[in-house]
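Heads up: the structure comes next, in structure tokens.
The values are calculated or read from the model by the stated rules, or taken from the named source; none is laboratory data. Values in this document were obtained by computation on a predicted structure and should not be read as measured data. Cβ placement follows ideal geometry from the backbone for every residue including glycine, while neighbour counts extend to all protein chains displayed.
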Amino acid sequence: MATLPIRIWGDPVLKKRASAVDRLTTHDKQLIADMIETMVEADGAGLAAPQVGVSKRIFVFRRGEDIHVIINPKIIHRDGRKIGDEGCLSIPGVQAKVERAARVTITGRDDKGKVLTLECEDGEEQGRAATCVQHELDHLDGVLYVEKAQPETLSWLIEATDEEGEEIIETVAVEADDVLAAYKRRHLPKNLHILPMLKKRIMRK
Ligand code: ZN
């Protein structure tokens with residue numbers, strides 16, 4: 001197993017619609033194992049194959065304590081609405097509020113080829129599972145959450161200290177175009193709250 005380089009916003013693979021997987025090859029199985037390792041290493045809630053440069057309809061995600069793999073996923077039921085903060089490993093150091101279905105049922109195949117159907121709902125038991133599967137499925141269609149977010153809520157996450165000297169994360173409003181330009185120019189805000197592995201990735205692009 002190996003961790004894979006995460007593609008950053010601006011990479012064309014993130015805007016492509018990914019292809020369905022007909023038959024899972026040994027190569028795909030290796031990809032899935034590496035995607036899980038990469039997600040765990042980056043402490044992400046989910047990771048879609050295009051985020052590691054592979055345009056196939058596969059994603060991995062957390063649902064409570066479990067990590068699932070889903071191939072050719074489809075949402076077959078959705079109900080309720082909710083608004084929550086989202087982030088993305090491919091758009092590091094940023095968050096925004098997105099409106100999503102509160103509960104979804106997702107179906108697809110697991111890495112053994114068996115049909116997998118899961119009801120997902122955000123909460124204590126499952127973490128952000130419902131948000132996550134909707135966000136990851138969008139990745140397979142070349143859609144990034146910043147395109148669905150409420151634009152006025154888009155913010156950089158900046159590390160700061162409060163009056164008592166406690167470390168805090170401040171949000172600083174930013175426009176989507178400026179985020180994209182910052183990654184492209186390798187010029188990130190000072191004290192950006194970003195994983196070192198992702199910062200390195202942007203700086204050497
Ligand atoms: Zn994402």
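If you take the residues in segment 123-158 that are among the acidic types (Asp, Glu) and at pLDDT 95 or above, which one is farthest from the ligand (Cβ to nearest atom)?
Here is the first cut: in segment 123-158, the ones among the acidic types (Asp, Glu) are 124-125, 136, 138, 141, 147, 152.
Those still in the list that are at pLDDT 95 or above too: 136, 138, 141, 147, 152.
Working: Glu136: 7, Asp138: 8, Asp141: 12, Glu147: 12, Glu152: 21 Å.
Of everything passing the filter in segment 123-158, Glu152 is farthest from the ligand (Cβ to nearest atom).
Are any residues in segment 84-100 in contact with a Ser or Thr (Cβ under 9 Å, 6 or more places away or on another chain), of a type outside the set (D, E, K, R) and either more than 13 Å from Lys148 (Cα to Cα) or surrounded by 17 or more Cβ atoms within 10 Å (Cβ to Cβ) (or both), and if so, which ones?
Residues satisfying the conditions are Leu89, Val94, Gln95, Ala96, Val98.
Out of the residues in segment 48-68 meeting the condition of being part of a strand (DSSP E or B) and among the aliphatic types (A, V, I, L, M), tell me which one is farthest from Leu118 (Cα to Cα).
Here is the first cut: in segment 48-68, the ones part of a strand (DSSP E or B) are 48, 56, 58-63, 66-68.
Narrowing the set further to residues that are among the aliphatic types (A, V, I, L, M) leaves 48, 58, 60, 67.
Numbers: Ala48: 17, Ile58: 15, Val60: 13, Ile67: 12 Å.
The selected residue is Ala48.
Residues being within 16 Å of the ligand (Cβ to nearest atom) and either farther than 22 Å from Glu37 by Cα or assigned to a strand (DSSP E or B) (or both): count how many of those fall in segment 76-90.
3
Taking segment 137-152 as the region of interest, how many residues are part of a loop (DSSP other than H, G, I, E, B), of a type outside the set (Asp, Glu) and touching a residue at least 40 places away in the same chain (Cβ under 8 Å)?
First pass over segment 137-152, keeping only residues part of a loop (DSSP other than H, G, I, E, B): 141-144, 148-150.
When the remaining residues are screened for being of a type outside the set (Asp, Glu), the result is 142-144, 148-150.
Those still in the list that are touching a residue at least 40 places away in the same chain (Cβ under 8 Å) too: 142, 144, 148-150.
Going through segment 137-152 one residue at a time, the tally reaches 5.
What do you reckon, is Thr131 assigned to a strand (DSSP E or B) and hydroxyl-bearing (Ser, Thr, Tyr)?
Answer is no for this residue.
Provide a single number: the residues in segment 13-52 that are under 15 Å from Asp138 (Cβ atoms) and either more than 16 Å from the ligand (Cβ to nearest atom) or free of Cβ contacts under 8 Å to residues at least 40 places away in the same chain (or both).
0
One line per residue, one yes/no per condition, for (1) over 19 Å from the mean Cα position of the chain (by Cα); (2) free of Cβ contacts under 8 Å to residues at least 60 places away in the same chain; (3) outside any strand (DSSP E or B):
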position	(1), (2), (3)
Pro92	no, no, yes
Arg103	no, yes, no
Gly113	yes, no, yes
His135	no, no, yes
Ile158	yes, yes, no
Glu164	yes, yes, yes
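Name the residues in segment 106-120 that are farther than 18 Å from Met35 by Cβ and buried (at least 18 other Cβ atoms within 10 Å of the Cβ), would you?
Cys120
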